[in-house]
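First up is the structure itself, then whatever we jot down about it.
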Amino acid sequence: MRLCTACHCRLKSISLPAIINFIRDMKKYFIFVAFAIFLFSCGRTADSGGVLSVDELSSVIEEMESGDTLSVRGFCVDVCSSGANHITLVGEDSTKAIMAVADGKLTSFKDEYKYQYVTVTGVLNEQRVDSTFLADWEYRLDESLKAPDGGNPEAVAQLKEQIYWLRDSIAARYARSGKNYWSNYTIEAFDCSADEE
C-alpha cells in the first residue's frame with residue numbers, strides 16, 4: 001500500500017489491465033448517455049419525429065414551445081390571393097386548422113397548392129391574447145360607437161361576440177392548464193411541398 005502525498009490516504013495498487021477495462025466500460029456508458037441526450041434534446045424537431053397531421057398537431061400544440069421546428073401535413077383550403085404569402089391547412093376534422101406564413105427564404109406559396117394535401121416545414125410561432133388585450137379592444141370598440149357618424153354597431157356587435165368567445169376560451173384553458181391567455185399559432189414556413197398524386 002502507498003500513501004497519497006496530498007491527504008495521506010491509502011491507495012490501492014491499480015494494474016494497467018484494470019485501468020484499460022475501466023476505460024472500455026466507460027466508453028459504453030458514454031455512448032449510451034450521448035445517444036440518450038441526442039434523442040431527448042431532439043424530441044421536438046421535425047427531423048426526429050416525422051410529419052404531424054393538423055389533427056395531431058392540435059392535440060400537442062399546447063405542450064410545444066414557440067420556436068420549435070416541425071413539419072405538418074394538411075389539406076390546403078386557402079392560398080393568400082395578395083402575394084401568396086400564407087396558406088391555411090385543415091385536418092380531417094375541419095375545425096382544426098393552422099396558418100403557414102412564408103418566411104424570407106420561401107417568400108410565397110404556389111397557387112396550385114389550393115385544394116391539395118400539403119406538407120410545410122417551419123418554426124412554430126405563438127401570439128398570446130390575454131384579458132388586458134381584450135379589455136383594451138372592447139374599450140376601443142365602445143369608443144368607435146361615439147363617433148359623429150355613430151360607428152358601425154353591427155360590426156361592433158360581431159367583434160364583441162369574438163371577445164366573449166375568447167374570454168370563455170381563456171377561462172377554460174386556465175382551468176385546464178393554468179395558462180391565463182389564448183394562443184394563436186402559426187408556422188413560419190421555410191419549406192413546402194404538395195403530395196404527389
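Residues in region 48-90 that are of a type in the set (Gly, Ala, Ser) and either touching a strand residue (DSSP E or B) at 6+ places or on another chain (Cβ under 6 Å) or closer than 16 Å to Asp191 by Cα (or both): Gly50, Ser53, Ser66, Gly67, Ser71, Gly74, Ala84.
Matching residues to (1) more than 18 Å from Tyr185 (Cβ to Cβ); (2) under 32 Å from the mean Cα position of the chain (by Cα); (3) surrounded by fewer than 11 Cβ atoms within 10 Å (Cβ to Cβ):
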position	(1), (2), (3)
Gln127	no, yes, no
Thr132	yes, yes, yes
Leu141	yes, yes, no
Leu145	yes, no, no
Gly150	yes, no, yes
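Among residues belonging to region 169-197 that are part of a loop (DSSP other than H, G, I, E, B) and within 30 Å of Ala84 (Cβ to Cβ), point out the one that is modelled with the lowest pLDDT. Before the answer, list the steps.
Step one: filter region 169-197 for residues part of a loop (DSSP other than H, G, I, E, B), giving 178-181, 195-197.
Of the ones still in play, those that are also within 30 Å of Ala84 (Cβ to Cβ) are 195-197.
Numbers: Asp195: 87, Glu196: 78, Glu197: 63.
Top of the filtered list is Glu197.
The residues listed here are Val129, Val101, Val118; of these, the one that is at pLDDT 95 or above and on the phi < 0 side of the Ramachandran plot is Val118. Reported count of residues in region 59-111, each being outside any strand (DSSP E or B) and either more than 18 Å from the chain's Cα centre (by Cα) or touching a residue at least 40 places away in the same chain (Cβ under 8 Å) (or both), is 27. Would you confirm, using the coordinates I've provided, whether Phe190 is farther than 19 Å from Asp78 by Cβ, of a type in the set (A, V, I, L, M, F, W, C) and in the same structural domain as Cys80 (by TED's automatic domain parsing)? So Phe190 fits the description; yes.
The values are calculated or read from the model by the stated rules, or taken from the named source; none is laboratory data. Note that the coordinates shown come from a computational prediction; the quantities given were computed from them, not determined experimentally. Cβ: placed from backbone, ideal geometry, glycine included. Neighbour counts: every protein chain shown.
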